[in-house]
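Peer 1: There's a structure below that I have some questions on.
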Amino acid sequence: MKVIHSILDVIKKVEYVLLVTILAAIVLATFLQVVGRYTPLPFSSKFEELATFSFVWVTMIGAGACVREGGHMTMDFMVSFVPENKRVFFKLLNDVVALLIGAAIVYCAAMLIPKLRRTGMTSAAMDLPLWIQNLSIPVGGALISLWGCVNIVEDIRHIVKKEPLTNKSGAGKEE
């Protein structure tokens with residue numbers, strides 16, 4: 001069990017590093033794009049495209065991080081009417097839905113990426129293959145599925161031990 005936790009911790013740290021690095025790239029690219037508009041430097045189109053590609057990647061990796069933190073698909077209005085000891089069932093449903101959505105994203109992306117590679121399409125400014133940008137889709141879907149599975153295991157543990165929710169699920173107050 002310790003090995004699994006250490007692997008999950010490594011994945012979480014890699015997510016954080018990637019998110020911070022990509023966000024920094026977005027800020028820098030956007031800044032250079034603005035500078036390029038008002039100077040004769042040829043920054044504009046390449047950095048606009050870099051910012052767009054980076055935004056797609058940060059969105060997909062961030063989607064997995066949101067599932068890990070319990071930040072998706074919770075309707076607090078409905079959950080607030082449920083007794084606290086039953087809220088874990090709503091969280092379990094939430095995590096099962098996240099797992100299924102992540103799996104569907106990976107499945108659809110598995111059909112899309114090979115088609116993009118065969119076409120040889122590239123981006124306009126950087127001449128970067130479009131399948132590289134779209135690799136963010138299965139990566140994000142896999143992270144959503146992974147953290148959905150981890151959350152399901154934790155939810156089942158809470159149900160079996162009859163513990164109240166103590167995680168950051170949105171399906172109840174943190175205790």
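Peer 1: With the structure loaded, tell me whether V97 is at pLDDT 95 or above, within 18 Å of the chain's Cα centre (by Cα) and of a type in the set (A, V, I, L, M) or whether it fails that test.
Peer 2: For V97, the condition - at pLDDT 95 or above, within 18 Å of the chain's Cα centre (by Cα) and of a type in the set (A, V, I, L, M) - is not met.
Peer 1: Mind listing just one residue for me: the one in the range 135-152 that is surrounded by 19 or more Cβ atoms within 10 Å (Cβ to Cβ) and small (G, A, S) and, of those, nearest to G71 (Cα to Cα)?
Peer 2: Looking at residues that are surrounded by 19 or more Cβ atoms within 10 Å (Cβ to Cβ) and small (G, A, S), I get G148.
Peer 1: Further, regarding this structure: It is to be established whether one or more residues within the range 74-94 are at pLDDT 95 or above, in a helix (DSSP H, G or I) and farther than 22 Å from L19 by Cβ.
Peer 2: From the range 74-94, those at pLDDT 95 or above are none; that's our starting set.
No, there is no match, as no residue in the range 74-94 is at pLDDT 95 or above, in a helix (DSSP H, G or I) and farther than 22 Å from L19 by Cβ.
Peer 1: So D155 fits all but one of (1) at positive phi; (2) buried (at least 19 other Cβ atoms within 10 Å of the Cβ); (3) of a type in the set (D, E, K, R); what number is the exception?
Peer 2: It fails just one condition, (1).
Peer 1: Another question, then. Within the range 1-43, count every residue that is farther than 28 Å from V153 by Cα, modelled with pLDDT of 95 or more and small (G, A, S).
Peer 2: Looking only at that region, the number is 2.
Peer 1: Being surrounded by fewer than 19 Cβ atoms within 10 Å (Cβ to Cβ), without any contact (Cβ under 8 Å) to a residue 40 or more places away in the chain and part of a helix (DSSP H, G or I) is the filter here, so list the residues in the range 33-50 that pass it.
Peer 2: Q33, V34, V35, G36, R37, Y38, S44
Peer 1: So the check is Cβ under 6 Å with 6+ separation or different chains; which pairs have a first residue in the range 123-137 that's within 11 Å of E49 (Cα to Cα) and modelled with pLDDT under 90 and a second one that's β-branched (V, I, T) and not in a loop (DSSP other than H, G, I, E, B)?
Peer 2: Q133/V56
Each row is one residue, and each column tells you yes or no for (1) closer than 20 Å to A142 by Cα; (2) hydrophobic (A, V, I, L, M, F, W, C).
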position: V67; (1), (2): yes, yes
position: V79; (1), (2): no, yes
position: P83; (1), (2): no, no
position: R87; (1), (2): no, no
position: D95; (1), (2): yes, no
position: G102; (1), (2): yes, no
position: A110; (1), (2): yes, yes
position: D127; (1), (2): no, no
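Peer 1: In addition: Could you say which residue among L23, L8, L18, L41 is of a type outside the set (F, W, Y) and closer than 18 Å to A125 by Cβ?
Peer 2: L41
The values are calculated or read from the model by the stated rules, or taken from the named source; none is laboratory data. Fair warning: this is a prediction, and the values are worked out from it, not measured in the lab. Neighbour counts are summed over all protein chains in view; Cβ atoms, including those assigned to glycine, are modelled from backbone coordinates with ideal geometry.
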